[in-house]
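Have a look at the structure below before the remarks.
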């Protein structure tokens, strides 16, 4: 169980996404926070990242990893269309 409410996670999650966004944009994509629910961070990949075969690697090895390092090791990223 996370020691934060979903509302308390919003600003820190946005800060991590803002930190990662320039790298994602270099590949012609973007990432948007959709919602946070029960410690799961729902994001939407956009632009060139949408439907890219490497998008799952970007989410798990990039976004989720950074969220776990910067905020909490139990956070999970879920992609939505």
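The values are calculated or read from the model by the stated rules, or taken from the named source; none is laboratory data. If you're wondering where the values come from, they're calculated on a predicted model, not measured in any experiment. Quick reminder, even Gly has a Cβ in these numbers, built from the backbone with ideal geometry, and neighbours come from all protein chains shown.
For this structure, a couple of remarks:
- The set of residues in the range 15-34 that are touching a residue at least 12 places away in the same chain (Cβ under 8 Å) and under 10 Å from the mean Cα position of the chain (by Cα) comprises 16, 17, 20, 31, 32, 33, 34.
- Residue 67 being modelled with pLDDT of 95 or more, within 25 Å of residue 2 (Cα to Cα), touching a helix residue (DSSP H, G or I) at 6+ places or on another chain (Cβ under 6 Å) and surrounded by 17 or more Cβ atoms within 10 Å (Cβ to Cβ): yes
- Leading residue by the ranking (farthest from residue 2 (Cα to Cα)) among those in the range 40-56 that are within 12 Å of the chain's Cα centre (by Cα) and not in a strand (DSSP E or B): 55
- Within this structure, residue 45 fails the test of being touching a strand residue (DSSP E or B) at 6+ places or on another chain (Cβ under 7 Å), over 13 Å from residue 79 (Cα atoms), surrounded by 12 or more Cβ atoms within 10 Å (Cβ to Cβ) and in contact (Cβ under 8 Å) with a residue 24 or more places away in the chain.
- Residues within the range 17-37 that are in contact with a strand residue (DSSP E or B) (Cβ under 9 Å, 6 or more places away or on another chain) and not in a strand (DSSP E or B), tallied: 7
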